[in-house]
Amino acid sequence: MEALFIYGLKSAGLLTCFYVVYYFLLRKETFFSSNRWFLLSGLFVSAFFPLFTWTKTIYVERPQWSMEDWMAMAKSQESLTPPTEPSWDWTTLVMGSYLIIALIILGRVLVQLISILLFLKKHPVTSEASLRMVHVQQEVTPFSFFNYVVINNQLYSEEERKSIVLHEKIHCNQYHSIDILLSHLYCGLFWFHPLAWRYKKAIAQNLEFLADQKAMEQLESPAVYQKTLVKVATSQQALSLTNPFNQSLIKKRILMLQQKQSQRRNLWKYGIMLPALVA
């Protein structure tokens, strides 16, 4: 129990370092691809780095004991009262509470995953380049899940559809669904750490910024893309564990699209985590 407690503290501390660096130094930079790998590194480092330990062996010279010393120690042992067992095992209570909550959260993630798979299975699918296009009739926010893209073509013009599909294609080609799944699993295991949930949100937001940036580089009309963002924002039906086109952060996404590209000299900010990891 003590080892698990120390592991949890180390993991929480490492994730806090990554989040603080991201929030104060990297959040407003346009290095979205680098931010993605930085945030993913935070998940892996905080989960696995505390598992490694370094042992230092110190040899101490054995003291020379006289007969009087042994007799004194024997008398002190006789005067000691045997320890009483605690009436309540708090270790079992704490460990049980942790496991129950973790299983509930992870079970919820599993249910959401099954719901997505059932949703994809009951709708017609067509191939479009490397994508699996899922055509729906209900008003649902366009989203992607691995190489599946869900969209209601009747709600959008051809130009709007092109913008949406390009955005979701970037999510698919760069396997952003893996990031979303990992962040959900991390929150299930480290639910006790408040910043883990904010970290998950930061990962999702950065993926949207990244897809927006890459899509804008390939589109001829940025204005149409931004209008499409606003139009899709009126639809609020989205499945969890997906990359929905509307992430309820439309204003931030439009501001990021209009922001000037960060200068490369700001890349030094990523190296600030190295001293923290060494410490």
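Structure values in brief
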item	result
Residue pairs, from the table LYS169/LYS200; LYS169/LYS251; LYS200/LYS269; LYS169/LYS252; LYS28/LYS162, whose Cα atoms sit over 24 Å apart	LYS28/LYS162
Computed lengthening from ALA74 to LEU117, 0.36 nm per intervening residue step minus Cα-Cα distance	8.5 nm
Inter-label distance for ILE105 and SER262, nm, one decimal - labels placed 7 Å from Cα along Cα-to-Cβ	2.7
Lys/Arg +1, Asp/Glu -1 at C-beta; the chain dipole; positive extreme among LEU40, GLY107, SER127	SER127
Taking N as its residue count, the alpha carbon Rg of the chain over 2.2 N^0.38 Å	1.42
Using θ = phi - 60° and Karplus 6.51 cos²θ - 1.76 cosθ + 1.60, couplings along segment 258-263 (whole Hz; Gly, Pro as x)	8, 6, 5, 5, 5, 6
Longest exposed-site-free window of the chain, the sites being trypsin sites (Lys or Arg not before Pro) in a DSSP loop that have at most 15 other C-beta atoms within 10 Å	123-259
Dipole magnitude (debye, nearest 20) for the chain, charges at Cβ of Lys, Arg, Asp, Glu	1120
Extended-chain gain in nm, criterion 0.36 nm per residue less alpha-carbon gap, TYR7 and VAL125	38.0 nm
Ranked TYR23, TYR59, TYR270, criterion: other C-beta atoms within 10 Å, fewest first	TYR59, TYR23, TYR270
Paramagnetic label zone (point 7 Å from Cα along Cα-to-C-beta, ALA279; backbone N under 12 Å) in segment 3-33	14, 17-18, 21
Angle in degrees between helix 90-121 and the longest Cα principal axis of the chain, rounded to the nearest 10	20
Which of LEU25, ILE164, TRP70, positive extreme of dipole for the chain (C-beta unit charges)	ILE164
Neighbour count of at most 10 Cβ within 10 Å plus DSSP loop: longest GluC sites (Glu not before Pro)-free window in the chain	62-219
Nearest 10 degrees, 0 to 90: helix 67-79 Cα axis against the chain principal axis	60
Residue-span extension gain [LEU51 to PHE24] - 0.36 nm each, minus C-alpha spacing	6.9 nm
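Coordinate-derived values only; no laboratory data. These numbers come from a predicted model, not from an experiment. Every residue, glycine as well, gets a Cβ built from its backbone with ideal geometry; the counts of neighbours run over all protein chains shown.
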